[in-house]
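Chemist: My questions will all concern the structure given below.
The values are calculated or read from the model by the stated rules, or taken from the named source; none is laboratory data. On a predicted model such as this, the values are computed, not experimentally measured, just so you know. Using ideal geometry, Cβ is built from the backbone for each residue, glycine included, and neighbour counts are taken over all protein chains shown. These area figures cover heavy atoms from the full protein model, side chains too; ligands, DNA and RNA do not enter into them. Shrake-Rupley method; radii C 1.70, N 1.55, O 1.52, S 1.80 Å.
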Amino acid sequence: MFTRAEDIWELKPLAEDLEAGARYASITLPWTFNRMAYNTGSKGQQGRGLNIAKGIVAQKMLSRALSERNVVAEVQRKSHRDDDLFDFQVVINGKMSKLDLKSWNYFSNYNVSGREPFTSALIEKNAGYAGPEWRKFFPMLVPHTQIGQEKEAYCFGLASSIDFRNNVEADRDGYILTAYPYGVV
């Protein structure tokens, strides 16, 4: 459980993590449940693909971080056609527990008045904030379609990056181009 900034692990993806995320998203989008009910147009499919890719990148980084810290963890190995019920099995309090990783982005390239840079200290300072001011609120919700599934723990990953949704060329070292079919089936 998060109590102070020092509890946060700051991880950076390797090129192989990014490539694995892009590759997995390019293959699996047609089999992935449209949980967020994105539209079926081109922009909606692109958003879904990016979310799949960033989830895989987060899993790869967390898997490596757990291993480096000698945490016993098994990645759920599954086909993209199987149910995705959890991401890891980890030992918590002496027993194997199902852990699901949830990740979201804090986009760093918006110069909004009053918005502080994303840091561990910012999260610590606002950890208990429950008010309406979005600059102080770091929500990480569990989708309603996953409530009631057998998971004993959640891990929340917050990524700080440019908004990659609208500019595929900014700050890229490599490219994987994927065309997703779209429209009503």
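Chemist: Return the residue satisfying two criteria in turn: it lies in the stretch 52-75 and is surrounded by fewer than 20 Cβ atoms within 10 Å (Cβ to Cβ) and of a type in the set (K, R), and of such residues it is farthest from T178 (Cα to Cα).
Modeler: The selected residue is R69.
Chemist: Note down all Cβ pairs under 6 Å where the first residue falls in the stretch 150-179 and is more than 30 Å from F2 (Cα to Cα) and modelled with pLDDT of 70 or more, the second is outside any strand (DSSP E or B) and acidic (D, E), and they're at least six residues apart or on different chains.
Modeler: none
Chemist: For the stretch 160-181, which positions are open to solvent by 100 Å² or more (accessible area, probe 1.4 Å) and either farther than 24 Å from W31 by Cβ or not charged (D, E, K, R) (or both)? Steps first, answer last, please.
Modeler: First pass over the stretch 160-181, keeping only residues open to solvent by 100 Å² or more (accessible area, probe 1.4 Å): 165-166, 169, 171, 173, 175, 177.
Matches in the stretch 160-181: N166, E169, D171, D173, Y175, L177.
Chemist: What tally of residues in the stretch 108-131 results from selecting those that are more than 16 Å from E10 (Cα to Cα) and open to solvent by less than 30 Å² (accessible area, probe 1.4 Å)?
Modeler: Here the count works out to 2.
Chemist: Could you list, in sequence order, the residues of the stretch 39-51 that are among the polar types (S, T, N, Q), open to solvent by 30 Å² or more (accessible area, probe 1.4 Å) and part of a helix (DSSP H, G or I)? Explain how you work it out, then say what you get.
Modeler: Step one: list which residues in the stretch 39-51 are among the polar types (S, T, N, Q), which gives 39-40, 42, 45-46, 51.
Going one step further and asking which of them are open to solvent by 30 Å² or more (accessible area, probe 1.4 Å), we end up with 39-40, 42, 46, 51.
Residues satisfying the conditions are S42, Q46, N51.
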